[in-house]
Amino acid sequence: MGKGSGFGKVILFGEHFVVHGLPGIVSAIDSTTDAEVKKTIGEISITDERRGAKGYVGEKKAQQLESIDRMLKAMGFEPKAVAFNIWLGGNLPGFSGLGASAASSVAIARAIADEFNLRLSDERINEIAYEAEKAYAGTPSGIDNTAATYGGLLWFKRNLNGANDIEKISLRQPVEIVIGSTGIVANTKAMVEDVAERKKKNPQKYGQIFKEAEKLAFTAKKALLEFDLKKVGELMNKNHSLLQEIEVSCKELDCLVDLALQQGAFGAKLTGGGGGGCMFALTPTKALQEKVAQAIEKAGHQVLRTKIGVEKL
Ligand code: MEV
């Protein structure tokens with residue numbers, strides 16, 4: 001039996017903007033999707049035991065099948081000529097926004113490689129997972145599969161004409177965050193397409209917002225390297241405003257962001273595609289993390305207490 005894992009993530013800065021070639025900052029979290037793959041005869045079967053938002057597994061089923069098809073082609077298999085039983089589990093919940101699709105693609109690609117004794121590098125796994133991600137995100141930037149493959153805190157810039165810029169950012173120490181789930185399953189592909197459509201219709205407005213988002217990413221990188229967490233929090237809030245302006249937030253996300261800020265979070269924003277899914281709050285210290293987490297739980301939402309910037313997950 002072949003085994004593999006992929007990390008979940010939060011995007012600190014730049015979701016959606018990264019699709020269009022702007023830089024973003026992403027951190028893997030200490031939760032993974034794990035896969036096991038066993039060769040069989042007949043058809044591919046999937047046993048999906050990931051916990052998550054209600055309906056997540058069912059709603060993603062068609063995209064999941066397409067992603068496996070794409071993955072097999074990228075690995076050089078004739079999809080109809082191979083069959084395996086795939087098991088999916090792990091402690092990364094199937095909440096939209098946490099890179100669950102990319103984590104599962106990386107986990108499955110690694111498990112298939114293991115089962116068939118292919119010795120694939122991380123770079124190759126990342127390329128294969130990127131192909132699989134197209135089923136979930138249409139024109140993905142590659143930021144989610146990159147975080148799912150390598151882990152850590154990363155600067156990412158999509159490069160249309162060659163290798164993407166991927167740079168490790170070292171934090172002085174890992175920082176506590178709280179992830180809050182709206183419980184709404186979102187469709188990243190539709191969200192990405194809608195942004196591209198609106199950008200085309202309003203080039204001036206979007207041009208300005210995109211310029212700000214680019215500046216924000218560079219300032220945020222500096223603040224992270226200087227470990228200026230107050231500044232990082234402020235910039236996260238600004239990033240959330242920009243995401244509101246491009247219409248990818250929703251009232252449920254905004255409510256959780258406001259709640260976290262009221263409780264003293266240094267900053268809070270949606271993470272990932274938006275339109276539901278998750279937000280996260282920067283809550284340095286265990287005590288602040290607990291305060292914010294409990295307030296979100298009290299409001300009836302599921303939370304994850306975790307950290308950004310963990311080097312070795
Ligand atoms: C999704 O986690 C992040 C998006 O920017 C899509 C992508 O980068 O592929 C919305």
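The values are calculated or read from the model by the stated rules, or taken from the named source; none is laboratory data. This structure is a prediction, so every number in the text was calculated from the model and none was measured. Quick reminder, even Gly has a Cβ in these numbers, built from the backbone with ideal geometry, and neighbours come from all protein chains shown. Just so you know, the surface numbers come from the protein's heavy atoms only, side chains and all, with ligands and any DNA or RNA stripped out. Shrake-Rupley method; radii C 1.70, N 1.55, O 1.52, S 1.80 Å.
Provide the per-residue ³J(HN,Hα) series for the stretch 244-261, in order, calculated from phi with Karplus coefficients 6.51, -1.76, 1.60 and θ = phi - 60°, each as a whole number of Hz, with x at glycine and proline positions.
Values per residue, Gly and Pro as x: 5, 5, 8, 6, 10, 8, 8, 5, 5, 5, 4, 4, 5, 4, 4, 4, 4, 5 Hz.
Is there a pair in 199/251; 231/291; 60/189; 3/134; 9/168 whose C-alpha atoms are over 18 Å apart, and which pairs would that be?
Among 199/251; 231/291; 60/189; 3/134; 9/168, the Cα-Cα distance tops 18 Å for 199/251; 231/291; 3/134.
Which residues in the stretch 32-74 place their backbone N less than 20 Å from a point set 7 Å from the Cα of residue 122 along the Cα-to-Cβ direction?
Within reach of a label on residue 122, which here means backbone N under 20 Å from a point 7 Å along Cα→Cβ, the stretch 32-74 contributes 32-35.
Restricting to the chain, compute how many DSSP beta bridges are antiparallel as a %, nearest 5.
Details: 42 of 47 bridges.
Antiparallel bridges: around 90 percent, rounded to the nearest 5.
Mind listing the long-range amide H neighbours of residue 267? Cut-off is under 5 Å, sequence gap 5 or more, other chains count too, H placed in the peptide plane at 1.01 Å from N.
Here the answer is 282, since their amide H atoms fall under 5 Å of that of residue 267.
As a test of reading the structure, rank 250, 255, 278 by solvent-accessible area (1.4 Å probe, protein chains only), most first. Kindly include the intermediate steps, with their values, before the conclusion.
Working: 250 30, 255 85, 278 0 Å².
Result of the area sort, largest leading: 255, 250, 278.
With a point put 7 Å past each Cα toward its Cβ, work out how far residue 66 is from residue 218 in nm, to one decimal.
Distance between label points: 3.7 nm.
Considering only 179, 46, 108, give the residue with the highest GNM mean-square fluctuation for the chain, with springs between Cα atoms whenever their separation is below 10 Å.
46
If one computes the Cα centroid of the stretch 104-177 and of the stretch 221-268, what distance in Å separates the two points?
The distance from the Cα centre of the stretch 104-177 to that of the stretch 221-268 comes to 25 Å.
Going by average Cβ neighbours within 10 Å, how do the peptides 73-79, 186-192 rank, with the highest at the top?
Going by the mean number of other Cβ atoms within 10 Å, highest first, we get 186-192, 73-79.
List the relative contact order of the chain as a percent without decimals, with contacts defined as Cα pairs under 8 Å and 6+ residues apart.
24
Let me check I've understood the local charge: for residue 134, count other residues with C-beta under 10 angstrom from its C-beta, Lys and Arg +1, Asp and Glu -1. What total comes out?
Computed value for this residue: -1.
Ignoring everything except DSSP H segments at least 4 long, calculate the 222 nm mean residue ellipticity for the chain; use -39,500 (n - 2.57) per segment, divide by total residues, nearest 500.
Details: 10 runs with 137 residues, N = 313.
One gets -14000 deg cm²/dmol as the mean residue ellipticity at 222 nm.
Using only the alpha-carbon atoms, how far is helix 61-74 inclined from the longest principal axis of the chain? Give it as 0 to 90 degrees, nearest 10.
70
I need the phi-derived Karplus couplings for the stretch 145-162: 6.51 cos²θ - 1.76 cosθ + 1.60, θ = phi - 60°, integer Hz, Gly and Pro marked x.
Residue by residue, the stretch 145-162 yields 5, 5, 5, 5, 7, 9, x, x, 9, 10, 8, 9, 9, 6, 10, 5, 10, x Hz.
What angle do you read, to the nearest 10 degrees and between 0 and 90, between the alpha-carbon axis of helix 100-115 and the longest principal axis of the chain?
With both axes taken from Cα atoms, the answer is about 30 degrees.
Where nothing but the Cβ of Lys and Arg (+1) and of Asp and Glu (-1) is charged, how large is the charge dipole of the stretch 175-308 around its Cα centre, in debye to the nearest 20?
Dipole size: approximately 280 debye.
Longest exposed-loop-site-free stretch of the chain, with GluC sites (Glu not before Pro), DSSP loop and at most 16 other Cβ within 10 Å?
Longest run free of exposed loop sites: 50-225.
So with the 1.4 Å probe, I'd like the accessible area per residue for the chain, rounded to whole Å². Intermediate values should be presented prior to the final figure.
Numbers: 13470 Å² over 313 residues.
Per residue, the chain has an accessible area of 43 Å².
Once amide H atoms are placed 1.01 Å from N in the peptide plane, what residues at a sequence separation of 5 or more from residue 169, or on another chain, have their amide H within under 5 Å of its amide H?
Sorted by chain and number, the residues that satisfy this are 153, 154, 155.
Over all directions, what mean area does the Cα convex hull of the chain project, stated in square nanometres?
Taking a quarter of the hull surface, the average projection is 14.9 nm².
Setting aside same-chain residues fewer than 8 positions from residue 73, which aspartates and glutamates have a Cα under 14 Å from its Cα?
Straight-line reach from residue 73, under 14 Å: 127, 131, 133.
For the stretch 2-168, with only Lys/Arg (+1) and Asp/Glu (-1) charged at the beta-carbon, what is the dipole magnitude about the Cα centre, in debye rounded to 20? Mind showing how you got there, number by number?
Working: 19 positive and 21 negative charges, 23 e Å.
With only Lys, Arg, Asp and Glu charged at Cβ, the dipole is about 100 debye.
State the answer as a single residue: which of 85, 143, 101 lies farthest towards the positive end of the charge dipole of the stretch 2-168, with beta carbon charges of +1 for Lys and Arg and -1 for Asp and Glu, about the Cα centre.
85
Could you work out how far helix 122-137 tilts from the main Cα principal axis of the chain, as a 0 to 90 degree angle to the nearest 10?
Orientation of helix 122-137: about 80 degrees from the principal axis.
Amide H of residue 46: which non-local residues (sequence gap of 5 or more, or other chain) have their own amide H closer than 5 Å, using H built in the peptide plane?
86
In debye, nearest 20, what is the charge dipole magnitude of the chain about its Cα centre with +1 on Lys and Arg Cβ and -1 on Asp and Glu Cβ, if you could check?
Its charge dipole is roughly 380 debye.
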